[in-house]
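What follows is a short report on a single structure.
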Amino acid sequence: MFDLPAGAAFIISQLNDHGHRAYVVGGCVRDSLLGLEPKDWDICTSALPEEMQRIFRGQHVVETGLKHGTLTLVLDHVPYEVTTFRVDGEYTDHRHPDEVRFVQDVREDLARRDFTVNAMAYHPQEGLVDAFGGQEDLAAGVIRCVGEAERRFDEDALRILRALRFASTYCFAIEEKTAAAVHNLKATLQGVAAERIRVEVAKLLCGKGAGDILRSYHDVIGQVIPQIKPMVGFEQHTPHHRYDVWEHTIRAVEAVPATEVLRLTMLLHDSGKPAAFTMDENGVGHAYGHQKISAEIAEEVLSFLRVDNATHDRVLLLVKYHDIRMNTERTLLKRRLHKFGEEALWQLIDVQRADAMGKGTATETEIDERIGALRQALAELIASRPCVTLKDLALRGGDLIQAGVGKGKAIGACLDYLLHEVMAERLENRREALLEAALRWKMEEQG
């Protein structure tokens with residue numbers, strides 16, 4: 001169950017040899033008990049920061065946060081965060097303790113932590129230290145605050161999103177009092193940095209239980225992403241959709257691969273529908289132009305979350321074109337490949353499958369038959385190495401200049417024409433054929 005890496009075992013051994021208690025703690029214990037491979041191994045100890053510095057004098061030590069009793073040891077290029085047992089003072093900014101007090105009992109240290117499943121420690125000889133029922137809550141699939149829930153969230157508002165994230169990641173339920181505090185204190189999230197919100201939202205969206213969290217805690221998520229609020233309960237009044245906009249969105253999120261780009265895309269792809277909504281004389285709803293409005297809303301959200309440029313640009317692209325016409329026609333797929341590139345086009349197909357799944361008007365089998373045919377057609381097209389970009393053409397601008405077609409903008413316009421004709425399969429991608437077509441184009445342009 002516990003397979004400590006050599007670095008963690010070495011740190012614990014060294015601290016023990018110098019008369020100090022030490023344990024791996026937190027997420028690595030939780031994940032080990034769940035049979036998962038921990039991403040990080042954190043260690044807590046009775047040793048004070050200055051004592052740790054003396055003990056590990058010959059090692060690569062980074063003074064990460066000595067004020068709060070933390071330093072990082074880098075062993076074989078792997079970082080291990082080591083922190084003195086402590087209890088926290090007041091959290092006047094609802095994020096960080098004003099001061100900490102170092103203690104000698106690991107149970108006092110565990111008592112300051114957020115959730116019971118994160119408040120366990122382990123020592124290779126002593127075994128598991130679980131003073132708050134964390135192991136029991138893990139077995140039951142429950143996220144529960146250590147101690148009084150409202151106090152835990154009032155101390156650090158980010159814990160509210162962490163509760164949702166852990167519940168989504170592990171498909172756990174949030175315990176009743178903890179859930180009530182999540183709802184009651186959601187307004188305190190206003191003081192949390194956008195970068196921290198982005199991390200938690202991304203992990204939440206990519207969790208196995210994301211759908212349940214989006215349904216039950218839309219008010220909390222709406223506190224940090226208010227642009228989702230108009231979607232909740234907004235009826236579409238169309239035979240093409242079985243669900244309201246928010247339920248459709250949730251089902252689309254669940255149906256797309258669990259990457260930040262794709263999950264953010266599906267969260268926001270129909271966010272413009274309430275603003276674009278009209279109803280005709282027959283009582284049928286329409287959302288003409290919602291793609292553009294959704295992209296504008298996505299721009300607001302992504303800018304607030306301060307996502308990286310690549311994520312920002314790709315999500316906007318996918319939102320804007322999420323329902324662009326797609327079929328197995330070779331020439332159409334060439335145009336789409338030219339417009340989006342291979343990676344984005346594959347993602348767009350994933351988006352369209354998820355969008356269809358979220359509508360509730362076709363079976364999964366029907367949808368997958370259509371999407372499967374589309375994927376096969378695209379794979380076959382790509383395997384044929386089609387000419388879909390200027391660099392794929394069998395000539396260059398210099399060839400056109402040498403042939404006397406023109407210079408400057410005329411060359412660019414001619415190349416675009418040739419590419420368009422090749423993609424439409426009206427022209428072979430051979431140098432001689434391209435030159436002949438270029439000279440005809442010049443004659444036509446000159447009248």
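Which residue pairs have Cβ atoms closer than 8 Å, lie 6 or more positions apart in sequence or on different chains, and pair a first residue in region 325-337 that is crowded, with 18+ Cβ neighbours inside 10 Å with a second residue that is at pLDDT 95 or above and small (Gly, Ala, Ser)?
Cβ pairs passing all conditions: 333/377.
Hey, any hits in region 179-192 for a residue that's among the small types (Gly, Ala, Ser) and in contact (Cβ under 8 Å) with a residue 60 or more places away in the chain?
Yes, there is a match, as at least one residue in region 179-192 is among the small types (Gly, Ala, Ser) and in contact (Cβ under 8 Å) with a residue 60 or more places away in the chain.
Out of region 392-435, which residues are charged (D, E, K, R), in a helix (DSSP H, G or I) and within 20 Å of residue 339 (Cα to Cα)? Before the answer, list the steps.
Initial filter on region 392-435 (charged (D, E, K, R)): 392, 396, 399, 407, 409, 416, 421, 425-426, 428, 430-432.
Right, trim to in a helix (DSSP H, G or I) and you get 392, 399, 409, 416, 421, 431-432.
Of everything in region 392-435, those that are charged (D, E, K, R), in a helix (DSSP H, G or I) and within 20 Å of residue 339 (Cα to Cα) turn out to be 392, 416, 421.
Are there helices (runs of 4 or more DSSP H) fully within region 211-324 with at least 3 residues that are without any contact (Cβ under 8 Å) to a residue 12 or more places away in the chain? List them.
Because the criterion is at least 3 residues that are without any contact (Cβ under 8 Å) to a residue 12 or more places away in the chain, the helices (runs of 4 or more DSSP H) in region 211-324 that meet it are 309-320.
Being more than 26 Å from residue 323 (Cβ to Cβ), charged (D, E, K, R), assigned to a helix (DSSP H, G or I) and open to solvent by 10 Å² or more (accessible area, probe 1.4 Å): is that true of residue 368 here? Steps first, please.
Working: more than 26 Å from residue 323 (Cβ to Cβ): no; charged (D, E, K, R): yes; assigned to a helix (DSSP H, G or I): yes; open to solvent by 10 Å² or more (accessible area, probe 1.4 Å): yes.
Considered against the rule, which asks whether it is more than 26 Å from residue 323 (Cβ to Cβ), charged (D, E, K, R), assigned to a helix (DSSP H, G or I) and open to solvent by 10 Å² or more (accessible area, probe 1.4 Å), residue 368 comes out as no.
If I ask for residues that are surrounded by fewer than 16 Cβ atoms within 10 Å (Cβ to Cβ) and within 16 Å of residue 168 (Cβ to Cβ), which ones from region 226-258 would you list?
Matches in region 226-258: 257, 258.
Of the residues 348, 418, only one is touching a residue at least 24 places away in the same chain (Cβ under 8 Å), over 30 Å from residue 260 (Cβ atoms), within 43 Å of the chain's Cα centre (by Cα) and surrounded by 14 or more Cβ atoms within 10 Å (Cβ to Cβ); which?
On inspection, the qualifying residue turns out to be 418.
Of the residues 394, 373, 362, 377, which is closer than 18 Å to residue 327 by Cβ and buried (at least 16 other Cβ atoms within 10 Å of the Cβ)?
From the options 394, 373, 362, 377, the qualifying one is 377.
Here is a list of conditions, (1) surrounded by fewer than 19 Cβ atoms within 10 Å (Cβ to Cβ); (2) in contact with a Lys or Arg (Cβ under 8 Å, 6 or more places away or on another chain), and residue 307 meets all of them except one; can you say which number that is?
(1)
Can you name the number of the only condition in (1) open to solvent by less than 50 Å² (accessible area, probe 1.4 Å); (2) more than 22 Å from the chain's Cα centre (by Cα); (3) under 12 Å from residue 236 (Cβ atoms) that residue 278 fails?
(1)
The values are calculated or read from the model by the stated rules, or taken from the named source; none is laboratory data. Keep in mind it's a predicted model, so treat the numbers as computed, not measured. Here the Cβ is made from the backbone with ideal geometry for all residues, glycine too, and neighbour counts use every protein chain on show. Quick note on the areas: whole protein, heavy atoms, side chains included, nothing else; ligands and nucleic acids left out. Shrake-Rupley method; radii C 1.70, N 1.55, O 1.52, S 1.80 Å.
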